[in-house]
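Values quoted throughout were computed directly from the atomic coordinates according to the rules given, and no laboratory measurement underlies them. As the structure is a prediction and not an experimental result, all values here were calculated from the model. Methodologically, a virtual Cβ is constructed for each residue, glycine included, from the backbone with ideal geometry; neighbour enumeration extends over all protein chains shown.
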Amino acid sequence: MRPGTVAISRTSRRLISWPVVLVTALVLTVAVAPAAAAFTTPQRITNNDKVDNDAHIAVDSNGCSHVVWREEVSLNDSKVFYADNTGGSWEPVQISSGGDTDREPKIVVDSNNVSHVIWIDGNSYDIYYRNNQGGTWGATTDVSQDIAGNNFDLNIAVDSGDNVHVAWYDPDGIIYYRKRTAAGTWVDFFWIDPVGSTINEKPKLAVDPAGHPHIIWCSLLGDWCVYYWTYDGAHHLAQVSNFDEGEVIDSGYEIVVDSNRKAHVAYSQHDVGESSDVFYANNAAGGDFSSTNISDSSTTDDYRATIGVDSNNKVHIAWVKASPLWDLYYTDNTSGSFSTPIIISDSSDTISKLKPQLEMDSTNVVHVTWHERYTVGSDSGSTYVDITYTYEAKYTNNCGGSFVGVTDLGGGVLKGYNPDMAIDSNDNAHIAFTVLTGSGDIYKEIFYTMGGGPIGGGTTWYLAEGSTGGTFETWVLVQNPNDTEATVTLTYMTGSGEIAGPSETVPANSRKTFNVANHAPGQDS
């Protein structure tokens, strides 16, 4: 009979009782958070001893990657190529056939996993479009409709309704925008030249949840300035940057739009003879933008800002600080105001960190990728080093949020640069990049890797519940929902300080219980 059970004897008909032993157990349940997945060994998409460059990547709803790039098939003759890993391997396909120097390929994938690709034709300088539905490529469409002159800086986006949005500019300084409906019709062909300067350039495009386009660009009229345009059935125009803050650095600005359809912009600006700073601006209060200097460096150049917005409509910004060590800095306004900028790259070396790209995943984790090189120079030869990737886990052991897991995707061997990143629905980062290969680094090939997610809490917990004194027991139940085993460390917080607990291995898809008294006996916490 179990302790604590009471029964009546049929023979003596007297009450017999066993001593009742009270065992009170407080069970604390903690889960092993999914660890950040290691990056896969880089896969070689191309292997042709040619010059392959300018990779751009998108990810479909199944987590498969779609990559486009420019390949120099012969001297002064470049074509656009495409490959995906939907079948498990990469099989490059040439999708352009017209110009001698086709360039600037860009790709997006819609909710039906249709790939949409645009590029600039090398002969006519027109912008062409093709899509791939289930492995079948559609006809090539001239999006720019024979607009005279060259075209530059293609942007493409797809909205939740599978409408495709495209923006670019021409040498006359006019910004162009077009939209392709989900039914396949090209509509809304707009020319944007609001100040009549004929010197607008380098548009950046974002699309809001309602499917409306938002475009920023640099106007070179007088002091260089960032302008903004959106269209929701009516045209809306605003000036983003302030002339009084100096000239905008035209290579360093980005736009994102939050769930409330408000635009957030990061840009670099400087006065003549002074260092450049990174500014943040938004139009949350209405049509006008208000700006804030978030780097505030009096003697150091800050530039190449990249921006993301999370599901709480909070802003995350990374940028390059040019000296003394060419590091990457980061800040966010998750607490209501912008935090003190922190270094997210390795500040112990003098390698230049360049071309950062910041993306958010579904759990509001920040992913940043960039490339590094020893000297500022051309994109050839051994000056380039490796692609480096990092991410920020907002739920680390101390719940403060810190950057962890900086990974050299080249493994210290591949000299890669110009990374492009996309995040899938499972919060994995997919990265395509160019690698210098061959004798003397004369060839360039496209490589791919994925990993980095999901990210959750750490595998060390600080427990401060219950008591291990007397007849009171504390048990800890640790659950591991992952497909791989996890090592966890339990550290007990007591009145006299921390007591180190065990480091235990919890098998995949299982759980273990631990009696606190075995590791911290007789302690009150």
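Brief remarks on what is shown
- A simple spin-label model places pseudo-atoms 7 Å from Cα toward Cβ; at LEU477 and TYR231 they are separated by 5.8 nm.
- Under 12 Å from the ASN48 label point (7 Å along Cα→beta-carbon), backbone N, the range 55-84: 69-75, 77-83
- Eligible lysines near LYS355 by straight Cα distance, threshold 26 Å, same-chain separation 8 or greater: LYS50, LYS79, LYS106, LYS202, LYS204, LYS262, LYS314, LYS321, LYS394, LYS415, LYS444
- Taking the fewest neighbouring Cβ atoms within 10 Å as the starting point, the ordered list for TYR177, TYR169 is TYR177, TYR169.
- Cβ-to-Cβ counts within 10 Å put THR474, THR505 in ascending order as THR505, THR474, the fewest first.
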